[in-house]
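See below for the structure under consideration.
The values are calculated or read from the model by the stated rules, or taken from the named source; none is laboratory data. Keep in mind the model is a prediction, meaning the values are calculated, not measured. Every residue, glycine as well, gets a Cβ built from its backbone with ideal geometry; the counts of neighbours run over all protein chains shown. Protein only, heavy atoms only, side chains kept; ligands, DNA and RNA dropped before computing areas. Shrake-Rupley method; radii C 1.70, N 1.55, O 1.52, S 1.80 Å.
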Amino acid sequence: MKAGFTSYGFDVDPEKIKHLEEGKSYIKHIPVEEMKLLRSNGGFHPTADFSHLKKVDCVIICVPTPLNHYREPDLSYVLDTTKMIAKHLHKDQLVVLESTTYPGTTDGDMRTILEATGMKAGKDFYLAFSPEREDPNNKDYSTSTIPKIVGGYTKECLKVANALYSMVVQKTVPVSSTKVAESAKLLENIYRAVNIALVNELKLLFDRMDIDIYEVIEAAKTKPFGFQAFYPGPGLGGHCIPIDPFYLTWKAREFDFHTKFIELAGEINTYMPYYVVEKVVDGLNKQEKMTTHSKVLVLGLAYKKDIDDTRESPSLKLIELLMQKGAEVDYNDPYIPHTRKMRMYDFKKSSVPLSRTCSNNTIAS
């Protein structure tokens with residue numbers, strides 16, 4: 001809207017629509033003042049009425065791409081949204097997918113649905129993929145200053161999509177196809193997942209060797225070239241790194257290829273919450289306490305500091321595992337006063353204040 005576009009925000013959650021209509025924000029890093037300004041200017045229209053799709057020239061899809069219980073891609077949100085768009089698709093409309101997925105989703109799965117209308121991509125409408133590159137609470141970069149990768153189904157599709165994003169970001173990075181754009185996003189996340197797994201594995205090893213992994217990393221990063229510091233943790237969180245690499249792992253099977261690095265990294269990172277629980281149990285044993293009925297306080301529920309996003313947070317898995325062992329688990333996170341129902345968890349807990357009584361708890365952070 002700041003670039004002069006009239007914008008519609010589509011969602012199936014009536015509560016979110018209500019908040020936005022009232023000029024409220026349910027996302028911490030989007031200030032209420034900014035949302036109120038968008039609404040008062042009349043250029044932003046939150047709605048659950050998808051018939052308004054026929055009014056717009058450009059449609060950007062930003063929906064979840066989770067894994068199912070078998071750690072396989074769940075494209076239902078992408079495909080259901082595409083089917084809805086197909087009902088209102090009109091000539092010269094641009095459709096862009098931003099959700100992370102495996103190569104071939106845009107020019108394969110989505111294009112098939114959209115072309116079932118009788119219109120052809122690159123001729124009657126335009127089709128592109130441009131991955132989101134958000135980093136909540138990053139003080140150095142915003143949506144407009146992060147370079148935007150753009151890939152089109154055809155050269156004309158790329159030209160139209162690139163023209164759109166050039167209006168709202170400082171720099172675009174055009175690539176030759178939607179598959180290259182999809183693959184670039186996966187590479188970014190796989191790079192981080194594999195390197196985090198490396199330091200997580202070294203954490204496990206150095207723990208046995210009585211070596212401080214953090215001191216090792218601080219020493220290593222003094223090298224001015226050829227090294228980037230990654231840090232161990234209780235597991236991976238966020239909507240990208242714990243999930244996206246497995247989209248490529250799944251797609252690779254179609255080509256008789258086994259992605260060993262990705263799957264090994266996944267095994268190590270998935271194990272980390274279990275390792276933390278083992279350390280908690282060891283700590284309780286040293287105090288001659290059983291896990292059952294012990295009080296455990298988890299510091300931080302979000303997947304990274306100073307945000308209110310709990311998606312795939314390892315803290316959720318920690319709470320689940322500790323409760324399974326009979327512990328009485330609370331959490332403290334000033335950014336998340338109450339837990340909400342998620343796809344896999346529904347703890348119905350509230351953040352407890354830090355006080356002297358917390359000193360009687362075992363702390364897992």
*For region 44-61, does any single residue satisfy the condition of being within 23 Å of E21 (Cβ to Cβ), within 19 Å of the chain's Cα centre (by Cα) and of a type in the set (A, V, I, L, M, F, W, C)?*
yes
*Determine if region 348-357 includes at least one residue that is surrounded by fewer than 19 Cβ atoms within 10 Å (Cβ to Cβ) and either touching a Gly at 6+ places or on another chain (Cβ under 9 Å) or closer than 20 Å to G237 by Cβ (or both).*
yes
*Lone unmet requirement of (1) open to solvent by 20 Å² or more (accessible area, probe 1.4 Å); (2) assigned to a helix (DSSP H, G or I); (3) in contact (Cβ under 8 Å) with a residue 40 or more places away in the chain; (4) more than 28 Å from F125 (Cβ to Cβ) for V160*: (4)
_If I filter region 254-276 down to residues being without any contact (Cβ under 8 Å) to a residue 60 or more places away in the chain and hydrophobic (A, V, I, L, M, F, W, C), which single residue comes out as surrounded by the fewest Cβ atoms within 10 Å (Cβ to Cβ)?_
F255
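The rows are residues; the columns are (1) touching a Pro at 6+ places or on another chain (Cβ under 7 Å); (2) in contact (Cβ under 8 Å) with a residue 60 or more places away in the chain; (3) more than 25 Å from N138 (Cα to Cα); (4) not aromatic (F, W, Y).
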position: S25; (1), (2), (3), (4): yes, no, no, yes
position: G43; (1), (2), (3), (4): no, no, yes, yes
position: I61; (1), (2), (3), (4): no, no, no, yes
position: D80; (1), (2), (3), (4): no, no, yes, yes
position: V95; (1), (2), (3), (4): no, no, yes, yes
position: T106; (1), (2), (3), (4): no, yes, yes, yes
position: G118; (1), (2), (3), (4): no, no, yes, yes
position: G122; (1), (2), (3), (4): no, no, yes, yes
*Looking at region 272-293, which of its residues are part of a loop (DSSP other than H, G, I, E, B) and either acidic (D, E) or in contact with a strand residue (DSSP E or B) (Cβ under 6 Å, 6 or more places away or on another chain) (or both)?*
E288
*asked:* I'm told L186 meets every condition in (1) open to solvent by 30 Å² or more (accessible area, probe 1.4 Å); (2) within 21 Å of the chain's Cα centre (by Cα); (3) among the hydrophobic types (A, V, I, L, M, F, W, C) except one. Can you identify the failing condition by its number?
replied: (1)
*asked:* Quick check on region 278-301: of everything there that is touching a residue at least 60 places away in the same chain (Cβ under 8 Å) and touching a helix residue (DSSP H, G or I) at 6+ places or on another chain (Cβ under 8 Å), which residue is nearest to G326 (Cα to Cα)?
replied: S294
*Among the residues of region 189-212, which ones are over 25 Å from D282 (Cα atoms), open to solvent by less than 50 Å² (accessible area, probe 1.4 Å) and not aliphatic (A, V, I, L, M)?*
N189, N195
_Among residues of region 246-263, those that are farther than 24 Å from V277 by Cβ, out of contact with any Phe, Trp or Tyr (no Cβ under 7 Å at 6 or more places or on another chain) and not in a loop (DSSP other than H, G, I, E, B), counted_ = 8
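For region 311-346, name all the residues that are assigned to a loop (DSSP other than H, G, I, E, B) and of a type in the set (A, V, I, L, M).
Matches in region 311-346: A327, I336, M342, M344.
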*Quick one: which residue in V169, V150 is in a loop (DSSP other than H, G, I, E, B), buried (at least 17 other Cβ atoms within 10 Å of the Cβ) and not polar (S, T, N, Q)?*
V169
